[in-house]
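K.L.:
Pasting a structure below so you can have a look.
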Amino acid sequence: MSVGFVMLAHTALDRAASVARHWATHDCPVVIHVDRRVKRDQVQKFRAGLADLENVRFCRRYRCEWGTWSIAQAAIAGVQTALTEFPEINHVYLASGACLPLRPVEELRAYLAERPRTDFIESVTTEDVPWTIGGLDHERFTLRFPFSWKRHRKLFDRYVALQRRLKVRRRIPDGLEPHLGSQWWCLTRRTLETILKDPDRDIYERYFSRVWIPDESYFQTLVRKHSGQIESRSLTLSKFDFQGKPHIFYDDHLQLLRRSDCFVARKIWPRADRLYDAFLAPDAGIKNRAEPNPGKIDRLFSKAVDRRTRGRAGLYMQSRFPNEGWENGRTCSRYSVFEGFAELFVNFETWLGKTLGTRVHGHLYHPDRVEFAGGETIYNGALCDSAPLRDYNPRAFLTNLIWATRGERQCFQFGPRDRQDISWFIAGDPNAQISVITGAWAVPLFHSRQSFVDLRKRAAHLQRVEQGHLDILRSPHTRARVRIWSMADFVQNPMEPLQTIIDEIAPRTQRRLSEAPTMVNLDGFGQFLQNLKNQGMQPYLMGDFPVGADPLPPTRAPHKPYLVK
Amino acid sequence: MGVVSAYRLRLQRQRWRIRAFRKRRELRKVAQRTDAIRPDDVLCFTTLRNERIRLPYFLKYYRDMGVGHFLMVDNGSDDGTREYLAEQPDVSLWTTDRSYKRARFGVDWLNWLTRWYGKGHWCLTVDVDEFFIYPFCDTRPINALTDWLDASSIKSFGAMLIDMYPKGPIDAVPYREGQSPFEIANWFDSGNYTIKKNKRFGNLWIQGGPRARAFFADRPERAPALNKIPLVKWRPGYTYVKSTHELLPRGLNLVYDEWGGEKASGALLHAKFLHTFVEKSAEEMTRRQHYANSHEYRAYNAVLKDDPDLWCKWSEKYINWRQLEILGLMSKGNWA
């Protein structure tokens, strides 16, 4: 009872040689297939290096090209040599020159000896494989592939398209149910012999020689016909990335590989000296009987694929600059925009900061300077308060700020006095929570003692700007959480909207607001609006303020903070 | 992109190639050891002037990384740079006294050298004050990266320039020969970079960092570009257009993902702000051999006279590449 290895080698022959030597000296026969394309002197050197080992053989060489029948042919040739030359072996393990044994050979041998009739081969029907690249799964078996994918990609693709259009189909030989799976398997002598001695072998080989990537389907399909006991997994740890090419292991994966408890890993970077030294050392590894457990490595590589395909939301950087609509989140976390609150309430920012326990910015898009929380001139990520720098790229300013303060909710004020370029961006961002009190921009005008002619002009301008902003917020493209109140409605009952906003920002606190922000004095605001009207301007965004009426509920004193139980 | 603009770019590429061909005459051989280049060597291309003090560490840094050969153009140094480089066993050196500016800031010279010697190699084009960082650079040599890029059919690798600066006046601690410049200048700006897409060449145009913040806060459009593509698997038709910011053919500039994912990318740590900078910028004021009439250097001089401190309380202290990756300045992409 023994296990023999069939090794397919084409590059890094020195590494292949040392791995073959490792197996051979541990009493495992090795049959090596060297790619026909390898130069003769290299092959000779390679063979000479292994000449002292009597249980190493070289089989007939084929010119191997990825995706074609030649690789399966090479494997078959190796298997045949192994079965005839080494009658003692019970399992044949197919490996590549870039494979590395991670556990002592004795453990593998013991593992297989306990399961003498089990074939370890990943073999899955085409309906169930999520990992085929390029959309070819079942069509691998029904189309023809005379052109090389590597060298004549265009021809390959066009011929596939043509066959699809003409609905040309190959007939799958009777008795075969197409299965796919990892190229690296470990099969029993019995199964391999029945496969090789099958009376229909010629038919199958002719069929598979025109199948796409037959090395992932020839044995995988035929074991289903011949094997009695299939364990559908590969003993070789081999991970593929989103392009379908194998992940490579380096020196820094040493601990990860050790803990994986897999028998063999591929593919190893040829210059990963530490890996080769560690795992080919005479008594490498701690003796254990654990089942292979590649979970950690799986996670590492699936994370890598995720990073490559989805990236980090809200990050714009040198190698991730998504097209509009592909950001997978325009910003990286939620933030709140308050419009009109700072005008209507005294020290609103301080109040909000206290209530939420965070820093609250002033008008980030103020035309003169960026009003960072606490009057800072420089902020997280070394963002600078210079208005020209911010206006040079207002989006980047916001996305940078949100990115640099990850984990801390950002709140800032906005209004018609600010630079408006960012409006569309925040309106289209699902992470934005925008709360607007329309017309509140009139309150500072009301308190200022400017001449009425100037005020009128200013008010008309601000109203126009805010109307434009509101049109954006109400457009069908808006994705932000938008709430809009007219000022008249808001002052009637300010606590309820505030409570709603706060609850949304910090849902877990579940606290009733105990202290309301102080509202500015609005005595005579109605008259002020009437005066504007009398001057010929129509202020409508603030809603209906009757002349002379007290805008606040009569039961509450306008100057004192009030409590809500 | 239409046929017309594609053809225009082609013409432009040919123009730079012809220019590089003409400018080859300006280069005089000092030491040529290009026979020693092995087929899978990563080559480093550099043009420099009076950088003697930086050289020992520069060479050591890239030798440790696994660079196989250095091809350098010395632009009229008079501080022993030439003599020092001529003695190095893995350096091939050319020299010229001609105008750096007229050679489009050295690009023509290097385009010639890469075309002649870089063919089929991974070529790393960096300045003497730029230190290349890539994912896993502390555990994997540069060949691991280039092998992986080859296997993934990637032809160019982006690395953004990150300006490093010391805490306190930039000339407070003098740099000693052989020392890592990042023992002194080990701070950087982590999150104030802005990106625009250059429609014409398809590359990203990145600005920001301490230079934009300290020197160009009023004229941000003039802030220097930080996007760079220093590592390219060179083929004969390739050419750098402006420094290493952009290449032609323009497919090489696509080092970023447009569909939400992250491609792998590195960084160039820029050790510009050492005590030598003060002398250099004074010299450049008179020499005027740098980009756009050295307006950058004029801006530096105006600011540095009064307050030569670039450090601020949100500056980030450099630790390693993993830190840069977490901050979102570079990415591992799908390399793991």
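K.L.:
Out of A:D429, A:D385, report the one residue that is open to solvent by less than 10 Å² (accessible area, probe 1.4 Å) and among the charged types (D, E, K, R).
P.N.:
A:D429
K.L.:
Quick check on my filter: what residues within the stretch B:258-285 are surrounded by fewer than 22 Cβ atoms within 10 Å (Cβ to Cβ) and within 10 Å of chain A (Cβ to nearest Cβ)?
P.N.:
Listed by number, the residues that qualify are B:E258, B:W259, B:G260.
K.L.:
Could you grab me the full set of residues in the stretch B:301-336 that are more than 14 Å from every other protein chain (Cβ to nearest Cβ) and exposed (fewer than 15 other Cβ atoms within 10 Å of the Cβ)?
P.N.:
At the first step, the residues of the stretch B:301-336 found to be more than 14 Å from every other protein chain (Cβ to nearest Cβ) are B:301-302, B:304-306, B:308, B:319.
Within the stretch B:301-336, B:A302, B:K305, B:D306, B:I319 meet the criteria.
K.L.:
Further, regarding this structure: Can you pull out the residues in the stretch B:288-300 that are modelled with pLDDT of 75 or more and surrounded by fewer than 19 Cβ atoms within 10 Å (Cβ to Cβ)?
P.N.:
Within the stretch B:288-300, just B:R298 meets the criteria.
K.L.:
Further, regarding this structure: Could you check how many residues of the stretch A:230-261 are of a type outside the set (A, V, I, L, M), more than 10 Å from chain B (Cβ to nearest Cβ) and either over 18 Å from A:E291 (Cα atoms) or assigned to a strand (DSSP E or B) (or both)?
P.N.:
First pass over the stretch A:230-261, keeping only residues of a type outside the set (A, V, I, L, M): A:231-234, A:236, A:238-247, A:249-253, A:255, A:258-261.
Right, trim to more than 10 Å from chain B (Cβ to nearest Cβ) and you get A:231-234, A:236, A:238, A:240, A:244, A:255, A:258-261.
Keeping just the survivors that are either over 18 Å from A:E291 (Cα atoms) or assigned to a strand (DSSP E or B) (or both) gives A:231, A:236, A:240, A:244.
Matching residues across the stretch A:230-261 total 4.
K.L.:
Against the conditions (1) without any contact (Cβ under 8 Å) to a residue 24 or more places away in the chain; (2) away from chain A (no Cβ under 12 Å); (3) under 16 Å from B:L324 (Cα atoms), where does B:K199 fall short? Just the number, please.
P.N.:
Tallying (1) without any contact (Cβ under 8 Å) to a residue 24 or more places away in the chain; (2) away from chain A (no Cβ under 12 Å); (3) under 16 Å from B:L324 (Cα atoms), B:K199 fails exactly one: (3).
K.L.:
Does A:G311 satisfy being surrounded by 19 or more Cβ atoms within 10 Å (Cβ to Cβ), facing chain B (nearest Cβ under 9 Å) and outside any helix (DSSP H, G or I)? Show your work before the answer.
P.N.:
On the way: surrounded by 19 or more Cβ atoms within 10 Å (Cβ to Cβ): yes; facing chain B (nearest Cβ under 9 Å): yes; outside any helix (DSSP H, G or I): yes.
Yes: the conditions hold for A:G311.
K.L.:
Still on this structure, I have one more. Answer with yes or no whether B:V173 is at the interface with chain A (Cβ under 9 Å from one of its Cβ atoms), part of a loop (DSSP other than H, G, I, E, B) and open to solvent by 10 Å² or more (accessible area, probe 1.4 Å).
P.N.:
no
K.L.:
Next question. If A:V370 satisfies every condition in (1) more than 10 Å from every other protein chain (Cβ to nearest Cβ); (2) surrounded by fewer than 23 Cβ atoms within 10 Å (Cβ to Cβ) but one, which is the exception?
P.N.:
For A:V370, the failing item is (2).
K.L.:
Which members of the stretch A:376-411 meet the condition of being more than 7 Å from chain B (Cβ to nearest Cβ), hydroxyl-bearing (S, T, Y) and not in a helix (DSSP H, G or I)? Steps first, please.
P.N.:
Residues of the stretch A:376-411 that are more than 7 Å from chain B (Cβ to nearest Cβ), as a first pass: A:376-377, A:385, A:387, A:390-391, A:394-395, A:397-399, A:401-402, A:405-411.
Okay, now just the ones that are also hydroxyl-bearing (S, T, Y), so A:377, A:399, A:405.
Correct list: A:T377, A:T405.
K.L.:
Can you name the residue in the stretch A:262-278 that is at the interface with chain B (Cβ under 10 Å from one of its Cβ atoms) and not in a helix (DSSP H, G or I) and, of all such residues, is nearest to A:P101 (Cα to Cα)? Spell out how you get there, then give the answer.
P.N.:
Kept after step one, since they are at the interface with chain B (Cβ under 10 Å from one of its Cβ atoms), are these residues of the stretch A:262-278: A:267, A:269-272, A:274.
Checking which are not in a helix (DSSP H, G or I) leaves us with A:267, A:269-272.
Numbers: A:K267: 11, A:W269: 14, A:P270: 14, A:R271: 16, A:A272: 14 Å.
Of everything passing the filter in the stretch A:262-278, A:K267 is nearest to A:P101 (Cα to Cα).
K.L.:
List pairs: first in the stretch B:15-44 and over 27 Å from B:T146 (Cα atoms), second open to solvent by 50 Å² or more (accessible area, probe 1.4 Å), Cβ under 6 Å, 6+ apart or cross-chain?
P.N.:
Hits for this filter: B:E26/B:R98.
K.L.:
Considering the stretch A:402-423 alone, what residues qualify as being in contact with a Cys (Cβ under 8 Å, 6 or more places away or on another chain) and not aromatic (F, W, Y)?
P.N.:
Filtering the stretch A:402-423 down to residues in contact with a Cys (Cβ under 8 Å, 6 or more places away or on another chain) leaves A:402-403, A:406.
A:I402, A:R406, listed by residue number.
K.L.:
Sticking with this structure for a sec: Just name the residue that is most open to solvent (accessible area, probe 1.4 Å) out of those in the stretch A:203-229 that are touching a Lys or Arg at 6+ places or on another chain (Cβ under 9 Å) and assigned to a loop (DSSP other than H, G, I, E, B).
P.N.:
A:R210
The values are calculated or read from the model by the stated rules, or taken from the named source; none is laboratory data. Note that the structure is a prediction, hence the values are computed from the model and not measured. Every residue, glycine among them, receives a Cβ derived from its backbone with ideal geometry; neighbour counts consider all protein chains shown. Accessible surface is based on the protein model in full, side chains and every heavy atom, while ligands, DNA and RNA are left aside. Shrake-Rupley method; radii C 1.70, N 1.55, O 1.52, S 1.80 Å.
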